[in-house]
Amino acid sequence: MKMAVKMAAVSMEKPSGALPVRRRAGRDSCPQDLGFAMAAARKVPGTHGVDFLDLNEVPFDINEEPGILPPNYFTQLLDEAIDESPQPPVNTHAAVVNVEPAATNTYTGPFVAPTDTTSIAQDGNEDEASSQPNDPHVGMRYDTLEGAKEHYNAHAARKGFSVKVNSNRRSTITGEKQKQQFTCNKFRRPRKDDGGAELQVDVRPIPDSVSEDEADIENAELASVVADLAAQGRKEKAPKKRKRENIVHTFCKAQMVVKLIDGRWEVIHFVPEHNHPLIHKPSLTKYLRSHQGMPKEEKEFVKNLHNTNLTAGKMMEIMSEFYGSELLVPYTTKTITNYCAALTREETKDGDLAKVVSYFIELKEEKDPDFYFRLKLDDEDRVENIFWVDGAARKAYAEAYHDCVSFDATYLTNKYSMPFAPFIGINKHGQSIMLGCGFVKQELATSYDWLFESFLIAMNGLAPDNIITDQDGAMAVSIGRLFPSSVHRNCRWHIMQNAQLKCGPTLGRNPGLAEDFNDCIDFSFSPEEFEAKWALFVGKWPVVGGANSYFTTLYANRAKWVPCYFKHRFFPFLQSTQRSEGFNAILKRYTNPHKSILNFVQQYEKLQTHVLVKEGGNDYRTDCLELTPWSPFPVEEHAYKVYCRDIYLRFRNEFELIGRYNVLPFGCNFYKLEPNRGWCAKYGTRTYLVTANKEEATYYCECSKMDRDGILCCHILKIFTHLGVDEIPDRYILKRWTQGALSGYVPAAVAEQPDVMPPESQVQLRHANLNMGFTKLARIASRTDAATAIVNKHLRAAATEISHLNKSLKKKKPVSAVPSTSAPDQPTKPRDPSKTTTKGRTKEHRTVSALELHPKKKVQCHTCGSFEHNSATCKIRFL
């Protein structure tokens, strides 16, 4: 009877932080049957064996790993034993708990779980689950100091203020923290002279000194620097003072002090009242300093967005879609910017180029054994030049794609302003591919010598047959030294662009000059024909024959860029460095000029993978999809079968022009093709001579398209239809344009990897999808209190069920051994390069658009009509 009275007294005066667990006799008292309530039950000291549910041990671990409990739960312990007298025991803490008075300036935000205690019956058991704890009060205890901080910060989010981790007290023996004070961020006393700048105050609960504010430190250092410069009489500019908006302090007394007692942190002092208005709008809470963090799962998602080179504004747009509105996102764009900047600093904290070397070594040992890289260091171990190429590109270059390479340097790819120089080739689909790339410190012939030498080492000494670059003199000198057998050609587009800029006034004052110039360049099919046309051109337009004319310079360098000098060299479908220019433009979508070389290398690998995926798509189109031919001619059907799909389309475009010509026999095995409409696209008004021997299957046209592009021209195809040739001879089918151009090559790491998403990415994807679903549900349920109560009920039930699931899935993770790696004969810790001073026009000058090909309009004098001056400086005006 006495024990029954004691148990009844306990049930009447149970502590606010613990719930009684109802025991039943027999098998029902087994912990497995009682569920998570019995699993979390423990004996609270001072209760004479009565079991209470410790809220700190409730397995409410939805956002945690299975079996790992979060620290933000508390337990309130009883300090006095329960008296055996029939009188109910008295809770001694009840008289000292500071109860926050009702106030109108408090804010209840959407980030807080319901505060009521609700019992949830599951499977007939009388298990009870508790929601998040209430506001802090004296006597509340936490397992960790971080748990105390999180709980007080959650309380601050509900009320609408920001928390500052203030002074603390440490043990004089062990040095560990024993007291910690959390205050409102407006706790300082305002200054009267400067309108509210921060000032230190003496906080009475903990008499330890308070550290000086960061803004005061910065201002003090700035004043010291200015004073030193003034004392030395130096004329250097003082450092620019950072403009910042300070918090207006009100000497707010709101605070919470916790103390380490018996291994747990107990609230020994709590002041809930504030002397300033609090934040009322939920959308403004994210601007408070202590509430500007991001959840762990969203950090991982933002990290993935950061790796795709998205801006912070675009990331915020994506997160707004998940939350339903940017007003509901619990952080700002600035928070995302700061987090991305921290990621960049973290990945290069041990040195940018040292990380790059480690990344290359890991790539070579784990994914691509044929990967090759090389570095050049200066006397201070700073990186000057870098070169790397993957194994697939080395194999493709050696087997089929060494016949033509485009090379060019570009800027704005990394924070060191080092020019990026890729080697671009053309694959069997006519698609640009990367055959290696590098960074050079300076655009000098010696730098290009090292880069081309590294390229030859990687390609086993095989130089490109043909190479096209811009008019850079250092490149030309280096190519002549390192690639003596290669045919070097300058970009025609750049030369014509410069001609438009420098000869624009001359072309504008002489109508018809530009047409004659283009006819001389584009429709000369031999050097002899070009020389004859140029002589007629100079005779017709004497203005271009002067010694100082830019046309004279163009003529002197004619062998480097005029198409007729390269009619028998393989430069497929290009006369300029458009392949390099286009690749550089795409690359700059992946990279950021303010980021590290490590980030560039990682983005480069993604672009390389994108190229491989696109090549696989073209293979699928060629092998598995069908296309209706343009005509019933058997020769087109044969081309459809042997060529890759994109090359066939180029062949078909050429085949469609056969109707533009009439065939005129011109002796034995010779035929003249005249345009039947006076003009044909890409070939002009000219008549072409074709040599054809059907018995020997030899055909030749003076346009030399077969030598230049590797496919037959419309003139020879017209002869095929005229003579009844049904198939293209084997000698005129280049293997590099067929599906058999390369033997199959798939890196081992790619071949063994299944086509499934990694588990980490699956977790992030599920988290994003759940966020969107919960946002839609909240938008519907928030309209009425009844709907909100239904959602809260099911959320608590789901939380309990998921907690059971996580505990059942708890497994010990095996520890995998990390394989040892050996570095190649390369420096493993090179120093980062200094910023490079690049060539070209400075930023102060206007950058001319590449589309600005027309000459500038000359200002004409309205008095005399001259183009040499304007009316303000005309001499006739003053006569």
Next item on the list: Name the shape class, rounded, prolate or oblate, that the alpha-carbon gyration tensor gives for the range 355-484, where a ≥ b ≥ c are the square roots of its eigenvalues, rounded holds for a/c under 1.5, and otherwise prolate holds if a/b is larger than b/c and oblate otherwise.
Entry: oblate
Item checked: Protein-only accessible surface order, largest first, of ARG188, ARG289 at 1.4 Å -> ARG289, ARG188
Check: Where the only charges are on Cβ atoms (+1 Lys, Arg; -1 Asp, Glu), what is the dipole of the range 448-532 about its Cα centre, to the nearest 20 debye?
Finding: 320 debye
Notebook entry, point to check: ASP646: accessible area at probe 1.4 Å, nearest 10 Å²?
Noted result: 40 Å²
Notebook entry, point to check: Using a ≥ b ≥ c from the Cα gyration tensor of the range 419-501 (square roots of the eigenvalues), is it rounded, prolate or oblate, where a/c under 1.5 gives rounded and otherwise the larger of a/b and b/c decides, a/b for prolate?
Noted result: oblate
Notebook entry, point to check: How would THR183, THR775 rank on accessible area, largest to smallest, probe 1.4 Å?
Noted result: THR775, THR183
Next item on the list: Roll a 1.4 Å probe over the protein chains and send me the accessible area per residue for the range 341-398 in Å².
Entry: 45 Å²
Notebook entry, point to check: At a Förster radius of 35 Å, what calculated FRET efficiency corresponds to the Cβ-Cβ distance of LEU809 and ALA778, to the nearest 0.05?
Noted result: 0.80
Next item on the list: Give, in nm to one decimal, the length gained when the segment between GLU515 and LEU343 is fully stretched (0.36 nm per residue of separation minus the Cα-Cα distance).
Entry: 56.3 nm
Checklist line | Calculated P(r) tail over 15 Å for the range 142-183, as whole % of Cα pairs | finding: 47 percent
Next item on the list: Work the Kirkwood hydrodynamic radius out for the range 619-665: mean of 1/r over every pair of different alpha-carbon atoms, inverted, in Å.
Entry: 11.6 Å
Check: What are the semi-axes of the equivalent ellipsoid for the range 760-802, taken as the square roots of 5 times the Cα gyration tensor eigenvalues, largest first, in whole Å?
Finding: 23, 14, 4
Next item on the list: Could you state the accessible area per residue of the range 423-485 in Å², with a 1.4 Å probe and every protein chain left in place?
Entry: 29 Å²
Margin query: Which entries of LYS164/LYS595; LYS281/LYS415; LYS159/LYS179; LYS149/LYS415; LYS159/LYS296; LYS395/LYS567 have Cα-Cα distances beyond 30 Å here?
Written below: LYS164/LYS595; LYS281/LYS415; LYS149/LYS415
Item checked: Distance from the range 456-523 to the range 640-675 (C-alpha centre basis), Å -> 29 Å
Check: With every protein chain present, what accessible area does HIS869 have (1.4 Å probe, heavy atoms only), rounded to the nearest 10 Å²?
Finding: 60 Å²
Next item on the list: Report, as a whole number in µm² per second, the diffusion coefficient that Stokes-Einstein gives for the range 495-634 at 20 °C and 1.002 mPa s using the Kirkwood radius over alpha carbon pairs.
Entry: 110 µm²/s
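The values are calculated or read from the model by the stated rules, or taken from the named source; none is laboratory data. Being a predicted model, the structure only gives us computed values, none of them experimental. FYI the Cβ positions are ideal-geometry reconstructions off the backbone, even for glycines, and counts take in every protein chain you see. These accessible areas exclude ligands, DNA and RNA; they are computed on the full protein's heavy atoms, side chains included. Shrake-Rupley method; radii C 1.70, N 1.55, O 1.52, S 1.80 Å.
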